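Participant: This is the structure I want to talk about, given as structure tokens.
The values are calculated or read from the model by the stated rules, or taken from the named source; none is laboratory data. Remember, it's a predicted structure, so these values are computed and weren't measured experimentally. Counting neighbours? That spans all protein chains shown, and the Cβs are built from the backbone with ideal geometry, glycine included. Just the protein is used for accessible areas: all its heavy atoms, side chains included, with ligands, DNA and RNA removed. Shrake-Rupley method; radii C 1.70, N 1.55, O 1.52, S 1.80 Å.
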Amino acid sequence: MTSTPARPTAKKCETMADVRREIDRLDRELVLLMAERLRYIEEAAKVKQDRNRVRDEDRIEDVVAKVLAESDKVGLAREVAEPVWRLLIERSIAHEYVRFDAEKSAAE
């Protein structure tokens, strides 16, 4: 049985400095998570044998659907989540193409 994630709450902030400090803290965490996600993109470039499989439209839509479902659970506005993830996916695909080509060139 999986539990539904709690909706995040923000700490009470007295000043803009408080708000900015918390946003900066979250940004550092997001950078770490994005770096981890990118390492898996790089692993995909190693695993895939066919460059035509780097871009997978069905997988893109599956990821976006999962993100939107999770966003609904935790209160992240879809109008923020969807374009952010679509851009993340597009940049990840571009990175994967570069890594795929480098991997295959090194193997030749």
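Participant: Can LYS104 be described as open to solvent by 50 Å² or more (accessible area, probe 1.4 Å), more than 18 Å from GLU43 (Cβ to Cβ) and among the charged types (D, E, K, R)?
Facilitator: Criteria not met by LYS104.
Participant: One residue is enough: does region 3-18 have a residue meeting the conditions of a type in the set (Lys, Arg), open to solvent by 80 Å² or more (accessible area, probe 1.4 Å) and assigned to a helix (DSSP H, G or I)?
Facilitator: No.
Participant: Moving to a separate point now. May I ask you to say which residue of ILE60, ILE93, ILE89, ILE41 is under 30 Å from THR9 (Cβ atoms) and of a type outside the set (S, T, N, Q)?
Facilitator: Only one candidate passes the filter, namely ILE89.
Participant: May I pose another question? Can you say whether ASP101 is assigned to a helix (DSSP H, G or I) and within 20 Å of the chain's Cα centre (by Cα), as far as the supplied structure shows?
Facilitator: no
Participant: Condition first: surrounded by fewer than 14 Cβ atoms within 10 Å (Cβ to Cβ), assigned to a helix (DSSP H, G or I) and touching a residue at least 24 places away in the same chain (Cβ under 8 Å). Now tell me which residues in region 54-79 satisfy that.
Facilitator: Listed by number, the residues that qualify are GLU70, LYS73, VAL74.
Participant: How many residues, within region 80-100, are in contact (Cβ under 8 Å) with a residue 12 or more places away in the chain and open to solvent by less than 70 Å² (accessible area, probe 1.4 Å)?
Facilitator: 10
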